[in-house]
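First comes the structure, then the notes that go with it.
The values are calculated or read from the model by the stated rules, or taken from the named source; none is laboratory data. Small disclaimer: the values here were computed from a predicted structure and weren't measured. Cβ: placed from backbone, ideal geometry, glycine included. Neighbour counts: every protein chain shown. Ligands, DNA and RNA are stripped out before the accessible areas are found, and what is left, the full protein with its side chains, is counted by its heavy atoms. Shrake-Rupley method; radii C 1.70, N 1.55, O 1.52, S 1.80 Å.
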Amino acid sequence: MNFLEEKIIEDGVIKKGNILKVDNFLNHQIDVDIIRQIAYEFKRRFRGKEVNKILTIEASGIAIATLLGDLYDVPVVFAKKGETANSTDDKYVSQAYSFTHKRMNNVFVSRPYLNANDKVLIVDDFLADGQAAQALIDIVHQAGGEVVGIGIAIEKGQQQGGRILREAGYHLESIAILKSMDYETQKIEFIN
């Protein structure tokens, strides 16, 4: 059992509807030590890959991406989910369905932040059906860049996202892959 699986067993809570709540260390309150370990593990797993940009989607992937960007000494870009007064029309746009929020989001990255010279490592906190990852891949392709890998903290192995991305030929690394979760017993099993 790795460090993240141990932390999930220790602090994760299974909610009805196949939801794993890890907001006390990953996606609401940040346990910097765990995020640091995740970043180092991604750096190890993608050793030898040329990376000049880290890409994630707001908001929960930003902490992981930032520490990983520091390790690679490269810029971190995050796709935004909502328009602001500062938003520009000069952007790459894709759509991603949020499994957690049960809604479709338009996500975008302003054009100056991704280009055809970029070798992009995509990172995120969760992978369920793969919609966020697919949207980020689409944005990188719109920019003419290359996806060199996808790093996921927690993959829901019982859902299709990981299988689809691997079958499409992407180098996908997930630190913890859930095999099953039981709300009644609060038991979690991992794929090793």
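Answer yes or no: is there a residue in segment 62-78 that is of a type outside the set (A, V, I, L, M, F, W, C), open to solvent by 50 Å² or more (accessible area, probe 1.4 Å) and either in contact with a His (Cβ under 9 Å, 6 or more places away or on another chain) or more than 20 Å from V32 (Cα to Cα) (or both).
No, that holds for no residue.
Are any residues in segment 151-180 within 13 Å of E5 (Cβ to Cβ) and either out of contact with any Asp or Glu (no Cβ under 8 Å at 6 or more places or on another chain) or among the acidic types (D, E) (or both), and if so, which ones?
E155, G157
Name every residue in segment 49-67 that is touching an Asp or Glu at 6+ places or on another chain (Cβ under 9 Å), among the small types (G, A, S) and part of a loop (DSSP other than H, G, I, E, B), in order of residue number.
Of everything in segment 49-67, those that are touching an Asp or Glu at 6+ places or on another chain (Cβ under 9 Å), among the small types (G, A, S) and part of a loop (DSSP other than H, G, I, E, B) turn out to be S60, G61.
For D182, all conditions in the list (1) in contact with a His (Cβ under 8 Å, 6 or more places away or on another chain); (2) in contact (Cβ under 8 Å) with a residue 60 or more places away in the chain; (3) of a type outside the set (S, T, N, Q) hold save one; what is the number of the exception?
Single failed check for D182: (1).
Count, please, the residues in segment 120-156 that happen to be under 19 Å from Y97 (Cβ atoms), of a type in the set (G, A, S) and in contact with a Lys or Arg (Cβ under 7 Å, 6 or more places away or on another chain).
Total satisfying the criteria: 1.
Being small (G, A, S) and without any contact (Cβ under 8 Å) to a residue 40 or more places away in the chain is the filter; apply it to segment 155-179 and report the residue that is surrounded by the fewest Cβ atoms within 10 Å (Cβ to Cβ).
Step by step, filter segment 155-179, then rank; the result is G169.
Mind listing whichever residues of segment 125-154 are part of a strand (DSSP E or B), open to solvent by 10 Å² or more (accessible area, probe 1.4 Å) and within 19 Å of E167 (Cα to Cα)?
F126, E146, V147, V148
Report every pair of residues separated by at least 6 positions or lying on different chains whose Cβ atoms are under 9 Å apart, first residue within segment 110-126 and touching a residue at least 24 places away in the same chain (Cβ under 8 Å), second of a type in the set (F, W, Y) and part of a loop (DSSP other than H, G, I, E, B).
Filtered contacts from segment 110-126: L121/F46; I122/Y170; F126/F99.
Which ones in segment 99-117 are open to solvent by less than 10 Å² (accessible area, probe 1.4 Å) and not in a strand (DSSP E or B)?
Across segment 99-117, the qualifying residue is only L114.
Within segment 10-48, can you find the residues that are assigned to a helix (DSSP H, G or I), without any contact (Cβ under 8 Å) to a residue 60 or more places away in the chain and either open to solvent by 50 Å² or more (accessible area, probe 1.4 Å) or in contact with a Pro (Cβ under 7 Å, 6 or more places away or on another chain) (or both)? If you could, list the steps in order and put the result at the bottom.
Start the filter on segment 10-48 by keeping residues that are assigned to a helix (DSSP H, G or I), which leaves 10-11, 32-45.
Right, trim to without any contact (Cβ under 8 Å) to a residue 60 or more places away in the chain and you get 10-11, 32-37, 39-40, 43-44.
Once the filter is applied, which keeps residues that are assigned to a helix (DSSP H, G or I), without any contact (Cβ under 8 Å) to a residue 60 or more places away in the chain and either open to solvent by 50 Å² or more (accessible area, probe 1.4 Å) or in contact with a Pro (Cβ under 7 Å, 6 or more places away or on another chain) (or both), segment 10-48 yields E10, V32, D33, R36, Q37, Y40, K43, R44.
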